[in-house]
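Enquirer: Okay, here's the structure, questions in a sec.
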Amino acid sequence: MVDIREVPEDGIARAQEHAYLVFHDRPEPEGRARHHALLSRCDRLGAYDGDTLVGFMAAHPFRLTVPGTELACPGLTFVSVAPTHRRRGVLTALMDEQLRRARAAGSPLVCLWASEAAIYGRFGYGPATQGLTIEIDSSRPLALRISPDPRPLRLVDPADALAVIGPRHEAARRTRAGRPSRSPARWTEEWLCEQDEEDEELGPPRILVLGAPGEPAEGYVLYRTKQESDDGTARTPRLVRVDELEAATPAVAAALWTYLASLDLTGTVRAWGRPADDPLLSFAADRDQVRVTAQYPALWLRLADVGQALTARSWAAPVELVLDLADPRVPANAGRFRLKAGPDGATKGSRAGHGGGGGRADRPRRCPAQAGSPIRAAAMPKPLFRTALDSPPPCRRRSSSP
């Protein structure tokens, strides 16, 4: 019988080895140290067959932006089951216990980036945001429909970057639904780390900021470069990989994209995890030069507490209806739930009976908890991107971490 319990601090190294086995990974010592530090800050659950760890998951203590506010939302990572114990209910037991703990802690949502999309729908997760991979052919000047912001650009040392770009990231996060909080430790260990864990050929992080020293950054881009290939006779132009780009206005974004596309000795700019309505797609004059090469579900959400999740957020328009919810994993979510939201954003929620009340609110809408639906920033104050996301850290894109 498998027992689900917390993984103590002195069990982290064993949990790492378990996860590396499942993910077919073999990090260098520096990467192992980063993972250990990350897991020490997470809530950790293990599945034990006797004294043997056969399943593991960790949860970042995130806050997630939703329309009108932000909510506690654990972010799952290192979700893994030993190959000897697959299809024996280990993952189900871990997921159920994690949801129970989230509800008990007052967290109405749980999030993750799915390494395998087919898995998590079974546990009530659904895609909440969409992501794009965008590529720019930078062998020629970037053609734009708008004028870039003319203010100065400057490169910032990674050691000094957090104080400069952190406030801009936080300002952007608070106006885009679907963005988790980012601690200083995550910045330094996962985003600004010298070596990219997934691709050793990538160079160190480069941070470009728009704005004069001493003034708030109006925008920034975090990128790395690499030699795309070397056939022994000729080198191809370098790739510019964009890990994150934030801008206060489309003109600021245009200035940052123009810089990236103008770097000498480069031929391609590739940006992964861009929002589905990235303004670059609107102000690029040549869509043969700027192409969407992939679209995919990004952040996945699970409603741990339906009532709290629906009533804590704001709504852009009046709504009054009854939701008929089925949730075999969290029985407390099941049943009819009356939702009423006014134009001022105030919401009311209550358990609804099966009769009475009259009107539209008595016509239930069947909403199985297993089905995910997009979270839109309709009630946010002038979001730059209506549907936004936060890509997993560049050094852990194969995990389930948001």
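Enquirer: Going through Leu76, Leu91 one at a time, which residue ends up being touching a helix residue (DSSP H, G or I) at 6+ places or on another chain (Cβ under 8 Å), within 23 Å of Asp43 (Cα to Cα), crowded, with 20+ Cβ neighbours inside 10 Å and without any contact (Cβ under 8 Å) to a residue 40 or more places away in the chain?
Expert: Leu91
Enquirer: Here are the criteria: (1) modelled with pLDDT under 95; (2) surrounded by fewer than 16 Cβ atoms within 10 Å (Cβ to Cβ). Tell me which single one Arg151 does not satisfy.
Expert: For Arg151, the exception is condition (1).
Enquirer: While we're here: Would you confirm whether any residue within segment 227-240 is charged (D, E, K, R), in contact (Cβ under 8 Å) with a residue 24 or more places away in the chain and at negative phi?
Expert: yes
Enquirer: Same structure again: Considering each residue of segment 165-220, count those that are more than 23 Å from Phe23 (Cα to Cα) and either assigned to a helix (DSSP H, G or I) or free of Cβ contacts under 8 Å to residues at least 12 places away in the same chain (or both), and give that number.
Expert: Number satisfying all stated conditions: 15.
Enquirer: Tell me which residues, restricted to segment 246-294, are among the small types (Gly, Ala, Ser) and assigned to a helix (DSSP H, G or I).
Expert: Ala251, Ala253, Ala254, Ala255, Ala261, Ser282
Enquirer: Among the residues of segment 1-24, how many are buried (at least 17 other Cβ atoms within 10 Å of the Cβ) and part of a loop (DSSP other than H, G, I, E, B)?
Expert: 1
Enquirer: Checking the condition closer than 29 Å to Ala37 by Cβ, more than 20 Å from the chain's Cα centre (by Cα) and in the same structural domain as Leu256 (by the TED database), which residue from Leu222, Leu162, Leu208 passes?
Expert: Leu208
Enquirer: Would you please name the residue that is surrounded by the fewest Cβ atoms within 10 Å (Cβ to Cβ), looking only at residues in segment 154-167 that are aliphatic (A, V, I, L, M) and more than 14 Å from Tyr259 (Cβ to Cβ)?
Expert: Residue satisfying both the conditions and the ranking: Ala159.
The values are calculated or read from the model by the stated rules, or taken from the named source; none is laboratory data. On a predicted model such as this, the values are computed, not experimentally measured, just so you know. A quick note on method: Cβ atoms are made from the backbone with ideal geometry, for glycine too, and the neighbour counts reach across all protein chains shown.
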